[in-house]
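Student: For reference, the structure I am asking about is given below.
The values are calculated or read from the model by the stated rules, or taken from the named source; none is laboratory data. Here the structure is a predicted model, which means the values were calculated and not measured. Note: ideal-geometry Cβ built from the backbone for every residue, glycine included; neighbour counts use all protein chains shown. Ligands, DNA and RNA are excluded from the accessible area calculation, which covers all protein heavy atoms including side chains. Shrake-Rupley method; radii C 1.70, N 1.55, O 1.52, S 1.80 Å.
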Amino acid sequence: MSRLLARCGPLLAVLAVLGAWWAAAATGALADPFVLPAPGAVARAAAALWRDGTLPHELGVTLGRTLAAFALALAAGAAMGLAMGRSATARAALRPLVGLGFATPKIALFPALVILLGLGSGAKVALGFAEAVFPIAAATAAAASQVPVPLVWSARAAGASRAAVALRVVLPAALPGLLSGARIGLVGAVIGVYIGEMVASSDGLGHLMVAGWRQLETDRLYVSVAAVSLLGFALDALLLLARRRLLRWAPEQAA
Amino acid sequence: MTAAGPPGGTRPKLRLAGVAKEYTGRRRGTVRAIGGVDLDVRPGEFVSLVGPSGCGKSTLLYIIGGFVAASGGTVDCDGRPVTAPGPDRGIVFQEFALFPWRTVAGNVAWALARRGVPRAERPAATARLLETVGLAEVARLYPAELSGGMKQRVAIARTLAQDPDVLLMDEPFGALDAQTRALLQEELLAVWERTGKTVVFVTHSVEEALYLSDRVVVLSRRPARVLEVIEPGFARPRDREKVLADPAYPALHARVWELLRAGGAA
Ligand SMILES: Nc1ncnc2c1ncn2[C@@H]1O[C@H](COP(=O)(O)OP(=O)(O)OP(=O)(O)O)[C@@H](O)[C@H]1O
Ligand SMILES: [Mg+2]
């Protein structure tokens, strides 16, 4: 019984949200199609946008930018984090940078990014990168600084060079922490790219949202919101899957 | 008695001369961990270090390993000063220190690879080493799936894989139950007798030290100095029952305890 409930849990939750949405759109203060269109209307708009090719195209654009931003942030954040976790010099140099970067509202840099990188994908990828890189760097640094000393010494005694220790001992040992940071970073990348597309863009899901808003086609706005949420959800699920594979050796970590 | 030279005239495998160590911490100020230790260990010898808790045994072992720099004195291995870790000195820790993301075989093969054993020869060499420590069947398991005794066997196999001349062991059996501990002691002695490696073995157990060692180095409380060096002299290969039943055993046991108490057992 409880297994059945656990299996059906996600489905029940989705149904509950849709039901509440439908009820709110049908009655009460939100019953205004410009504020909250009914689920049916949004679904119809989504189907129409899918058929005329708009939705697949915008989705593809946003997905491409998100993956680029995340990949760059993963490489840079992991490298920075490993350096910070293992070298006092790197820690002293990078910690204020990462701390400040973490706290800065990245969107404030977007005008400068647009001037530097233009109105194309560059500025959006940069904003997604900026949202993603700091949590990854911070989580990796924390994990890398906690690698048990005996592991490192065992490797050094076996004849591993410092570079080999960093790559083949510290990196795998810090992987659980790195991947936790990557999960937060991935969502950050989605949001950064989407907001960049909202502010200045002619394509992408963020642009679809702003276009729907400007033209008072609120159902298109919600198609965009639903699409970007599902995109983030699906990417996060993929990352969890990868994490489970990568951390097979640590069953309790793979939850 | 401070200097502890081996009998006979062979060149020592390890020579510790005036080794001292101070830790400088922000909160505790300067802590003198080791106050000048002289010790020669001859090739193939099994030497135990015993001493009160916190006296600096681990620190001394880490200095020999080259992981920690001494603040005074020198350590020579084969006549060359030790300045960094090296494959001639393998280490086994109380907490096993296996790579949790590698399988049992992967841990051992990794050390073989660091030694430059060609890829094609590694599986057979890994199997042989695991055989040595009686773990052939669990080669494909991850460390998290092993018992403490099995983990320590893997750690020993991995250290043997680097083929060191000197085995440094920091309370390797301290975290194991009495039965497993006895078993691993016997296995270690068998491996040692077969390979002729030099062993420096830190332990809290006087019984373990007397059973295993050629010489037991008793250290004082912090800062550690050599109080006395005791040679149990039981016949090799050793048999636990015979050692415990030996008429000399009670006196040796009592002597080490007396030294530990006088030296300030905590
Ligand atoms: N990294 C360090 N920094 C500062 N002090 C240290 C450090 N490592 C050890 N010490 C101090 O040096 C002294 C000796 O420590 P060590 O671990 O060598 O003792 P030990 O004989 O191995 O103890 P035990 O028998 O409990 O394992 C202790 O007082 C300890 O607090
Ligand atoms: Mg110790």
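Student: For A:Ser145, are the conditions met, namely being of a type in the set (S, T, N, Q), in contact with a helix residue (DSSP H, G or I) (Cβ under 8 Å, 6 or more places away or on another chain) and at the interface with another protein chain (Cβ under 8 Å from one of its Cβ atoms)?
Tutor: Numbers: of a type in the set (S, T, N, Q): yes; in contact with a helix residue (DSSP H, G or I) (Cβ under 8 Å, 6 or more places away or on another chain): yes; at the interface with another protein chain (Cβ under 8 Å from one of its Cβ atoms): no.
In short, no.
Student: Residues B:Val92, B:Val41: which one is facing chain A (nearest Cβ under 9 Å) and within 22 Å of B:Ala224 (Cβ to Cβ)? If you could, list the steps in order and put the result at the bottom.
Tutor: Numbers: B:Val41 fails: facing chain A (nearest Cβ under 9 Å).
Going through B:Val92, B:Val41 in turn, the sole match is B:Val92.
Student: Those residues that are touching a Ser or Thr at 6+ places or on another chain (Cβ under 9 Å) and within 16 Å of ligand 2 (Cβ to nearest atom), I need them from the range B:95-134; list them, please.
Tutor: Listed by number, the list holds a single entry, B:Ala97.
Student: Additional query: Please find, within the range B:103-120, the residue that is nearest to the other protein chains (Cβ to nearest Cβ) out of those that are in contact (Cβ under 8 Å) with a residue 24 or more places away in the chain and not hydrophobic (A, V, I, L, M, F, W, C).
Tutor: Only one residue tops the list, namely B:Arg114.
Student: OK, next. Looking only at the range B:63-80, decide whether some residue is within 16 Å of ligand 2 (Cβ to nearest atom), within 19 Å of the chain's Cα centre (by Cα) and charged (D, E, K, R). Show your work before the answer.
Tutor: Applying the first criterion (within 16 Å of ligand 2 (Cβ to nearest atom)) to the range B:63-80 yields B:63-65, B:67-68.
Add one more test, that the residue is within 19 Å of the chain's Cα centre (by Cα), and what stays is B:63-65, B:67-68.
Now narrow it down to the ones that are charged (D, E, K, R): none.
Checked the range B:63-80: no residue is within 16 Å of ligand 2 (Cβ to nearest atom), within 19 Å of the chain's Cα centre (by Cα) and charged (D, E, K, R).
Student: Hey, another quick one. Of a type in the set (Val, Ile, Thr), in contact (Cβ under 8 Å) with a residue 40 or more places away in the chain and either open to solvent by 60 Å² or more (accessible area, probe 1.4 Å) or within 14 Å of another protein chain (Cβ to nearest Cβ) (or both): is that true of B:Val202 in this structure?
Tutor: Numbers: of a type in the set (Val, Ile, Thr): yes; in contact (Cβ under 8 Å) with a residue 40 or more places away in the chain: yes; either open to solvent by 60 Å² or more (accessible area, probe 1.4 Å) or within 14 Å of another protein chain (Cβ to nearest Cβ) (or both): yes.
For B:Val202, the condition - of a type in the set (Val, Ile, Thr), in contact (Cβ under 8 Å) with a residue 40 or more places away in the chain and either open to solvent by 60 Å² or more (accessible area, probe 1.4 Å) or within 14 Å of another protein chain (Cβ to nearest Cβ) (or both) - is met.
Student: Any idea which of (1) buried (at least 18 other Cβ atoms within 10 Å of the Cβ); (2) touching a residue at least 60 places away in the same chain (Cβ under 8 Å); (3) hydrophobic (A, V, I, L, M, F, W, C) is the one A:Ala200 doesn't satisfy?
Tutor: (1)
Student: Say whether the condition of being over 30 Å from B:Gly18 (Cα atoms) and more than 16 Å from ligand 1 (Cβ to nearest atom) is met by at least one residue in the range B:90-98.
Tutor: Scanning the range B:90-98 turns up at least one residue that is over 30 Å from B:Gly18 (Cα atoms) and more than 16 Å from ligand 1 (Cβ to nearest atom).
Student: Something else about it: Starting from residues that are in a loop (DSSP other than H, G, I, E, B) and under 23 Å from the mean Cα position of the chain (by Cα), keep the ones in the range A:82-117 and report whichever is surrounded by the most Cβ atoms within 10 Å (Cβ to Cβ).
Tutor: Narrowing the range A:82-117 to residues in a loop (DSSP other than H, G, I, E, B): A:87, A:104-105.
Now restrict to residues that are under 23 Å from the mean Cα position of the chain (by Cα): A:104-105.
Numbers: A:Thr104: 12, A:Pro105: 7.
Looking at residues that are in a loop (DSSP other than H, G, I, E, B) and under 23 Å from the mean Cα position of the chain (by Cα), I get A:Thr104.
Student: If I filter the range A:66-78 for residues that are of a type in the set (Val, Ile, Thr) and buried (at least 20 other Cβ atoms within 10 Å of the Cβ), do I get at least one hit?
Tutor: Our first condition is that a residue be of a type in the set (Val, Ile, Thr); within the range A:66-78, this holds for A:66.
If we keep only those that are buried (at least 20 other Cβ atoms within 10 Å of the Cβ) too, we end up with A:66.
Yes: one or more hits.
Student: Say whether the condition of being farther than 26 Å from B:Lys13 by Cβ, out of contact with any Pro (no Cβ under 6 Å at 6 or more places or on another chain) and free of Cβ contacts under 8 Å to residues at least 40 places away in the same chain is met by at least one residue in the range B:218-237.
Tutor: Step one: list which residues in the range B:218-237 are farther than 26 Å from B:Lys13 by Cβ, which gives B:221-222.
From the residues that got through so far, the ones that are out of contact with any Pro (no Cβ under 6 Å at 6 or more places or on another chain) too are B:222.
From what's left, free of Cβ contacts under 8 Å to residues at least 40 places away in the same chain: none.
Looking through the range B:218-237, none of the residues is farther than 26 Å from B:Lys13 by Cβ, out of contact with any Pro (no Cβ under 6 Å at 6 or more places or on another chain) and free of Cβ contacts under 8 Å to residues at least 40 places away in the same chain.
Student: Only one residue in B:Pro232, B:Pro164 is out of contact with any helix residue (DSSP H, G or I) (no Cβ under 7 Å at 6 or more places or on another chain) and part of a loop (DSSP other than H, G, I, E, B), so which one is that?
Tutor: That would be B:Pro164, the only listed residue that is out of contact with any helix residue (DSSP H, G or I) (no Cβ under 7 Å at 6 or more places or on another chain) and part of a loop (DSSP other than H, G, I, E, B).
Student: A further question follows. So which residues in the range B:81-100 are of a type in the set (Val, Ile, Thr) and either open to solvent by less than 40 Å² (accessible area, probe 1.4 Å) or over 12 Å from B:Ile64 (Cα atoms) (or both), if there are any at all? Let's see the steps before the verdict.
Tutor: Residues of the range B:81-100 that are of a type in the set (Val, Ile, Thr), as a first pass: B:82-83, B:91-92.
Those that are of a type in the set (Val, Ile, Thr) and either open to solvent by less than 40 Å² (accessible area, probe 1.4 Å) or over 12 Å from B:Ile64 (Cα atoms) (or both): B:Val82, B:Ile91, B:Val92.
Student: Quickly run through the range B:34-80 and pick out the residues that are small (Gly, Ala, Ser), crowded, with 23+ Cβ neighbours inside 10 Å and within 11 Å of ligand 1 (Cβ to nearest atom).
Tutor: B:Gly51, B:Gly56
Student: A follow-up question, please. With respect to B:Ser220, determine if the residue is more than 18 Å from B:Ala97 (Cα to Cα), small (Gly, Ala, Ser), away from chain A (no Cβ under 14 Å) and within 14 Å of the chain's Cα centre (by Cα). So that I can check it myself, show each step before the final result.
Tutor: Details: more than 18 Å from B:Ala97 (Cα to Cα): yes; small (Gly, Ala, Ser): yes; away from chain A (no Cβ under 14 Å): yes; within 14 Å of the chain's Cα centre (by Cα): no.
No, not satisfied.
Student: Here's another thing I want to ask about it. Being basic (Lys, Arg) and under 19 Å from B:Glu187 (Cα atoms) is the filter; apply it to the range B:124-155 and report the residue that is nearest to the chain's Cα centre (by Cα). Working first, answer last.
Tutor: Here is the first cut: in the range B:124-155, the residues basic (Lys, Arg) are B:128, B:140, B:151, B:153.
Still in the running and under 19 Å from B:Glu187 (Cα atoms): B:128, B:151, B:153.
Numbers: B:Arg128: 22, B:Lys151: 17, B:Arg153: 14 Å.
Per the criteria, the residue is B:Arg153.
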